[in-house]
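Every read-out reported here was derived from the displayed coordinates using simple, explicitly stated rules and does not represent laboratory data. Keep in mind that this is a model prediction, so the values were computed, not measured. So basically every Cβ, Gly included, is an ideal-geometry build from the backbone, and we count neighbours across all protein chains shown.
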Amino acid sequence: MSTWWHNQNATGKQTIHTDTDAFNIANLIAEMYQRLPLSFFNLAPAAVMTAALVLALLSPPATAQQLYKWVEEDGTIRYSDRLPPDQRKKGHQTLSTQGRILETTEAATPPEELKRRRAEQKRLEEEARKKAEQEAAIQAEKDHHDRVLLMTFSNENEIIEVEKERVAVINSVINLLRKNSAQEQQKLEQLEQRAQRDYIDQDKAVPGGLAQNIEYFAEKIRGIEHQLELKQAEKERLKKQYAEDLIRYRELTKTDETN
């Protein structure tokens, strides 16, 4: 088996010996020796033998139809007309005798990497499935809403009137909560004034019953204020929903008219 390899000379320049290089050198030496006179061969048999040996070493195998190129673990680049058995599952290239790349073989993937890739592929497929299901559910909900919208209203004015009615109901609840809050606030202030006048200003402890009443009305007011916030948010959501419904209704009815 003939092997060429990648080396580095003293100047730091890297050289890769290939069969093409060797063949060119061999031809050059052969041509030089053909031009020598016959007397040279009679006088210098040692030189002739040396030249023949160089030609034998540098000439590529006559039967080699392709070469293999691979990289050792230490980074050395190897060339050979035979691929070592332990290199078959590793990355290598198949070259023609002229150095042209015929085939590139990737290194075999380790079992751990294959397991990781399968797990990642499974995760991506699961994410895609869930996303598709979510999108389908959203689209189904939109289609259902469109059907209800067209079945409920026969024109735009009906949507506007229903919105006004529902907002008016919520506003009435808001006004009632505000009234209740003001009444409870007045009761709380009276209790706090009594505690301040009859006990705190006289350096006396506020009785437990009075303190509990103060805390009761304070907590009641906080509850009412929370309900007010919820109703205000509900009103804003309602107005936003009817505004979107009106736009969607116009799109649907415009499409129907076009068809």
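Suppose we filter region 83-108 for residues that are in a loop (DSSP other than H, G, I, E, B) and in contact with a strand residue (DSSP E or B) (Cβ under 7 Å, 6 or more places away or on another chain); how many remain?
4
Has region 207-218 got at least one residue that is aromatic (Phe, Trp, Tyr) and over 27 Å from Ala243 (Cβ atoms)?
Looking for residues that are aromatic (Phe, Trp, Tyr) and over 27 Å from Ala243 (Cβ atoms), one finds at least one in region 207-218, hence yes.
Does region 230-242 contain any residue that is farther than 26 Å from Val167 by Cα and without any contact (Cβ under 8 Å) to a residue 12 or more places away in the chain?
Among the residues of region 230-242, not one is farther than 26 Å from Val167 by Cα and without any contact (Cβ under 8 Å) to a residue 12 or more places away in the chain, which makes the answer no.
Identify, from the list Lys122, Lys164, Lys179, Lys187, the residue that is in contact with a Phe, Trp or Tyr (Cβ under 6 Å, 6 or more places away or on another chain), assigned to a helix (DSSP H, G or I) and of a type in the set (Lys, Arg).
Lys187
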